[in-house]
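Where a number appears in this text, it was derived from the coordinates with a stated rule and is not lab data. From a predicted model like this one, the values you see are computed outputs, not experimental measurements. Quick reminder, even Gly has a Cβ in these numbers, built from the backbone with ideal geometry, and neighbours come from all protein chains shown.
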Amino acid sequence: MPPLFKDIVEEARLSGRALLDYGESFFNPTVRLGVTGLSRAGKTVFITALIHGLTRGGRFPVFEALDSGRIARASLAPQPDDAVPRFDYENHLRTLVEERRWPNSTVDISELRLVIEYQRHNGADRTLTLDIVDYPGEWLLDLPLLNRSYEQWAGESLALSREAPRAHLAREWHGQLATLNPLATEDEQATRLSAKLFTDYLRACRDERFAMSLLPPGRFLMPGSFATTPALTFAPLNVPIDGVAPEGSLWAMMARRYEAYKDVVVRPFFRDHFARLDRQIVLVDALAAFNSGPEALHDLEAAMAGILDCFRVGRGTILSSLFRPRIDRILFAATKADHLHHLSHDRLEAVLRRAVSRAVARAETTGAAIDVVALAAVRATREAIVTRGRDKLPSITGTPLPGESAGGEIFDGNTEVATFPGDLPADPEALFNGAFRGLSSASAETSDFRFLRFRPPPLERDGKDEPALPHIRLDRALQFLIGDRLQ
Ligand SMILES: Nc1nc2c(ncn2[C@@H]2O[C@H](COP(=O)(O)OP(=O)(O)O)[C@@H](O)[C@H]2O)c(=O)[nH]1
Ligand SMILES: [Mg+2]
């Protein structure tokens, strides 16, 4: 297919800016680090901990530049892009440290600039500018929409919504859909109701019992600044894949808005934000999938494949008509590893590696170095051995969030408890075979995993120094993501 005129114009605009970026980074080396992951994966907490660790100097033995003392100073600088909200670092940190609460969830892109003053191995003083860009992973999963027609998308979405466990959650929306005639005159009220019920269905799939990941269009759950616009007010109709919508029909109206969604939401995101990233970390809440069950794990695997598709380079990919991706390092990180005893950290990494490697094999060439890590940006637990009869179980201790419950007890948010969250199998295949029980099909008592949510840890202050935040393997992530730029 020849490139569309629209795409050519976009490419020209983009190379103009790439040149600007390049000029700037020649005099002032800059790394744009993308931090993404599906909602609740841990982006906000990760970025807050990372900035705190760099500016205050955390305990980061594996992050060589900091550990060897070559980093003299890291400080926040005015944010570079006028149209992007600033990452609310100070507020998030205060919530974590002073109130021992997790930051409120966010639904939009945001950004923060950090300037790192360091000494090269040869002794010369240098600075590295680090731009951290936080954006919802849901937006990446919109990529496949770019080369699908409304009819194709509607067909696929409907087919997916008829599979278990989704079908049950889609009942109300399917009920309304059955009353709609695609050929009837366009109807704003019917369209709005349809979009609302479709969005409710997506949201129900996202619920922790089901923990589904693959739920495009991404903005329906993560609207950013587009909430309630027509570009977000449409839904699948039951229409033939190769059919043509009659003018003035409900079908035509849905199709038009679907195209608008691609034009004003999807393309600009990839062009204005994604195309400019140099490095990427993808945060993955695998524990939520274990909690829920095998369907959630498979869905997560499919979502990771979808995300990896965005990093494919070369000709003939959907993005190559828009721009040439320049990301050369991608780290997949399983977050919240502090919910597991350290004996299981490597196993969590193995699960993620297994899920990613399939996707990598499918995506042929990404042109980027890919690694995998299990981490906790903020470690909320300590380890303990719990004796149960003759057994000694490797457990974790922490303060469950108020309202969390286990074994019939509801926690008040002040009591510390030791729990045994369940062991991950030595062979990750055991999980992908579907041989475990989660909340989607079993009760909390009979599920194989039960991860309680804990409050952020209490911090010990010695003197007036601000305390460091405890973490797991955050330094390894940093070393992979920017270590080579601080040589
Ligand atoms: N124990 C623990 N919980 C975490 C950690 N990171 C995130 N969480 C939990 O996950 C939730 C979502 O994290 P957040 O950073 O807001 O996710 P985002 O939607 O990707 O920005 C938080 O409210 C915490 O409950 C971590 O390092 N350790
Ligand atoms: Mg967030």
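If the viscosity is 0.692 mPa s and the temperature 37 °C, what Stokes-Einstein diffusion coefficient in µm²/s follows for the stretch 374-487 when Rh is the Kirkwood radius over Cα pairs?
For the chosen part, D equals 192 µm²/s.
For every other residue with a beta carbon closer than 13 angstrom to the beta carbon of PHE210, add +1 if it is Lys or Arg and -1 if Asp or Glu, then tell me the sum.
Neighbourhood net charge equals -1.
Quick one: which residues, 5+ away or cross-chain, put their amide H under 5 Å from the amide H of SER213? H built at 1.01 Å from N.
Those qualifying (amide H under 5 Å, at least 5 residues apart or on another chain) are LEU300.
Nearest 500 deg cm²/dmol is fine: what mean residue ellipticity at 222 nm does the chain get from its DSSP H runs of n ≥ 4 alone, each adding -39,500 (n - 2.57), divided by its residue count?
Counting only the DSSP helices, I get -10500 deg cm²/dmol.
Counting pairs of Cα atoms in the chain, how many percent are more than 35 Å apart?
Result: 36 percent of Cα pairs exceed 35 Å.
Roughly how many whole Å is it from the C-alpha centroid of the stretch 101-173 to that of the stretch 231-261?
Each part's Cα centre sits 26 Å from the other's.
Given contacts defined as C-alpha pairs under 8 Å and at least six residues apart, what's the relative contact order of the stretch 403-487, whole-number percent?
Answer for the stretch 403-487 is 21 percent.
Under the definition of Cα pairs under 8 Å and six or more residues apart, what whole-number percent is the relative contact order of the chain?
Relative contact order for the chain comes out at 19 percent.
Looking at the stretch 398-487, which trypsin sites (Lys or Arg not before Pro) are DSSP coil and have at most 10 other C-beta atoms within 10 Å of their C-beta?
ARG461, LYS464
Using the Karplus curve 6.51 cos²θ - 1.76 cosθ + 1.60 with θ = phi - 60°, work out ³J(HN,Hα) for each residue of the stretch 50-60 in order, rounded to whole Hz, and write x for Gly and Pro.
Rounded to whole hertz, the list is 5, 5, 4, x, 6, 6, 8, x, x, 8, 10.
Kindly provide the GluC sites (Glu not before Pro) of the stretch 210-311 that DSSP labels as loop, not H, G, I, E or B, and whose Cβ sees at most 15 other Cβ atoms within 10 Å.
Listed in order of number, the matching sites are GLU247.
In whole Hz and in residue order, list the ³J(HN,Hα) couplings for the stretch 351-356 that follow from phi through the Karplus curve 6.51 cos²θ - 1.76 cosθ + 1.60, θ = phi - 60°; x for Gly and Pro.
4, 5, 4, 4, 5, 6
Which of the GluC sites (Glu not before Pro) found in the stretch 133-235 are loop residues per DSSP with 12 or fewer other Cβ atoms within 10 Å of their Cβ?
Loop-located and lightly packed - GLU163.
On average, how much area does the Cα convex hull of the stretch 183-302 cover when viewed from any direction, in nm²?
Over every viewing direction, the Cα hull of the stretch 183-302 projects on average to 9.2 nm².
What does the net charge come to around THR228 if you take all other residues with beta carbon closer than 13 Å to its beta carbon, with K and R at +1 and D and E at -1?
It works out to a net charge of +3.
Once phi is turned into θ = phi - 60°, what whole-Hz ³J(HN,Hα) does the Karplus curve with 6.51, -1.76 and 1.60 give for every residue of the stretch 295-312, x standing for Gly and Pro?
3J(HN,Hα) across the stretch 295-312, in whole Hz: 5, 5, 5, 5, 5, 5, 4, 5, 5, 5, 4, x, 5, 4, 4, 5, 9, 6.
How many nm separate the modelled label positions at THR415 and ALA159, each set 7 Å beyond the Cα in the direction of the Cβ?
According to this spin-label approximation, the distance is 5.1 nm.
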